[in-house]
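The values are calculated or read from the model by the stated rules, or taken from the named source; none is laboratory data. If you're wondering where the values come from, they're calculated on a predicted model, not measured in any experiment. No Cβ is skipped: glycine too gets one built from the backbone with ideal geometry, and neighbour counts run over all protein chains shown.
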Amino acid sequence: MRIDILTVVPGLLHGPLDHSIVQKARKKGLVDIHIHNIRDYSNDKHRKVDDYAFSGGAGMVMTIEPIDNAISALKQEREYDEIIYTSPDGEKFNQKMANMLSTKNNILILCGHYKGIDQRVRDHLITREVSIGDYVLTGGELAAAVMTDAIVRLLPGAIGDEQSALSDSFQDNLLAPPVYTRPAEYKGWKVPDILLSGNTKLIDEWNLQQSIERTKKLRPDLLE
Ligand code: ADE
């Protein structure tokens, strides 16, 4: 799959997307990620991408033209399944949306900044607005990085053990069971006996039971 990200702060995305699993997935050719600076599409001699709001008040608004230029240029190269705008107003990002987006071929993510973008971009160029939670970030870059990370790790082959993406928290609306590793006892803190039994059937049942109990206790809303 291919993910294009439009931003005025490319550095905020290079950090998170140039490391770990996402970096490996890029190297394996599972995902092609391109980060574009919206300023490169500005016709202004100072590469300006914002202006005052007609409605007044503090804060600048991202202008239409550079964004339209960037989206048009990319659309000429390929068709996008989704053109997403990151915004606290959007539909809440979750595992289901990550799964859905991981099946797409081409996704474009536009990161908001300043006070927001000219509403006409949202009305005419965007297919979906997505929020990563009910809080306001300085810009959409961290949201785009979060979404990209969650999507990329679902691509077949991105995670060494294919099972592990499937057994993640939220994959069945259940939290993941607790995990332990060696030593079996540390300062008197013991690993549950059943995990040392070698009986995979009982361990699978225990894991499921733990998942259900943890979900009931910590996130009962997921079971509704
Ligand atoms: N931009 C600013 N805050 C955001 C949020 N919570 N989700 C997505 N994009 C944002």
- line: Cβ pairs under 7 Å, 6+ apart or interchain, first in the range 86-98 and in contact (Cβ under 8 Å) with a residue 60 or more places away in the chain, second near the ligand (Cβ under 8 Å from one of its atoms) and not hydrophobic (A, V, I, L, M, F, W, C), ordered by first then second residue, are THR86/GLY112; THR86/GLY140
query: Going through the range 93-118 one residue at a time, which ones are part of a helix (DSSP H, G or I) and among the polar types (S, T, N, Q)?
result: GLN95, ASN99, SER102
query: If you take the residues in the range 68-106 that are out of contact with any strand residue (DSSP E or B) (no Cβ under 6 Å at 6 or more places or on another chain), small (Gly, Ala, Ser) and farther than 16 Å from ASP123 by Cα, which one is nearest to the ligand (Cβ to nearest atom)?
result: ALA98
- request: Kindly indicate whether any position in the range 119-133 is within 14 Å of the ligand (Cβ to nearest atom), in a loop (DSSP other than H, G, I, E, B), at pLDDT below 95 and not basic (Lys, Arg).
  value: no
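Every residue, every condition in (1) surrounded by fewer than 19 Cβ atoms within 10 Å (Cβ to Cβ); (2) touching a helix residue (DSSP H, G or I) at 6+ places or on another chain (Cβ under 7 Å); (3) of a type outside the set (Val, Ile, Thr); (4) within 30 Å of TRP206 (Cα to Cα), yes or no:
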position	(1), (2), (3), (4)
GLN95	yes, no, yes, yes
LYS104	yes, no, yes, no
ILE107	no, yes, no, no
GLY112	no, no, yes, no
ARG122	yes, no, yes, no
LEU142	yes, yes, yes, no
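Being more than 18 Å from the chain's Cα centre (by Cα), away from the ligand (no atom under 16 Å from the Cβ) and either in a helix (DSSP H, G or I) or surrounded by 13 or more Cβ atoms within 10 Å (Cβ to Cβ) (or both) is true for just one of ASP172, ASP168. Which residue is that? Give the derivation first.
Working: ASP168 fails: more than 18 Å from the chain's Cα centre (by Cα).
Within the list ASP172, ASP168, the selection yields ASP172.
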query: Within the range 176-193, can one find any residue that is of a type in the set (Lys, Arg), without any contact (Cβ under 8 Å) to a residue 40 or more places away in the chain and in a loop (DSSP other than H, G, I, E, B)?
result: yes
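Here's the yes/no breakdown for (1) assigned by TED's automatic domain parsing to the domain that holds VAL130; (2) at pLDDT below 95; (3) surrounded by 14 or more Cβ atoms within 10 Å (Cβ to Cβ); (4) within 17 Å of the chain's Cα centre (by Cα):
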| position | (1), (2), (3), (4) |
| --- | --- |
| VAL22 | yes, no, yes, yes |
| ARG26 | yes, no, yes, yes |
| VAL31 | yes, no, yes, yes |
| ILE35 | yes, no, yes, yes |
| HIS46 | yes, no, no, no |
| PRO66 | yes, no, yes, no |
| GLU77 | yes, no, no, no |
Test: SER42 is surrounded by 12 or more Cβ atoms within 10 Å (Cβ to Cβ), in the same structural domain as LEU125 (by TED's automatic domain parsing) and modelled with pLDDT of 95 or more: yes
- request: Go through the residues of the range 58-76 one by one and say whether even a single one is closer than 24 Å to ALA158 by Cβ, out of contact with any helix residue (DSSP H, G or I) (no Cβ under 8 Å at 6 or more places or on another chain) and in a helix (DSSP H, G or I).
  value: yes
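Using the structure shown, decide if LEU202 is outside the structural domain of GLY11 (by TED's automatic domain parsing), more than 16 Å from the ligand (Cβ to nearest atom), modelled with pLDDT of 95 or more and out of contact with any helix residue (DSSP H, G or I) (no Cβ under 9 Å at 6 or more places or on another chain). Walk me through it before giving the result.
Numbers: outside the structural domain of GLY11 (by TED's automatic domain parsing): yes; more than 16 Å from the ligand (Cβ to nearest atom): yes; modelled with pLDDT of 95 or more: yes; out of contact with any helix residue (DSSP H, G or I) (no Cβ under 9 Å at 6 or more places or on another chain): no.
Considered against the rule, which asks whether it is outside the structural domain of GLY11 (by TED's automatic domain parsing), more than 16 Å from the ligand (Cβ to nearest atom), modelled with pLDDT of 95 or more and out of contact with any helix residue (DSSP H, G or I) (no Cβ under 9 Å at 6 or more places or on another chain), LEU202 comes out as no.
Looking for whichever is buried (at least 18 other Cβ atoms within 10 Å of the Cβ), assigned to a loop (DSSP other than H, G, I, E, B) and more than 13 Å from the ligand (Cβ to nearest atom) here; the options are LEU154, LEU137. Which one fits?
Matching residue, one of LEU154, LEU137: LEU154.
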- line: Scanning the range 5-20 for residues that are over 19 Å from ALA150 (Cα atoms) and among the aliphatic types (A, V, I, L, M) gives VAL8, VAL9
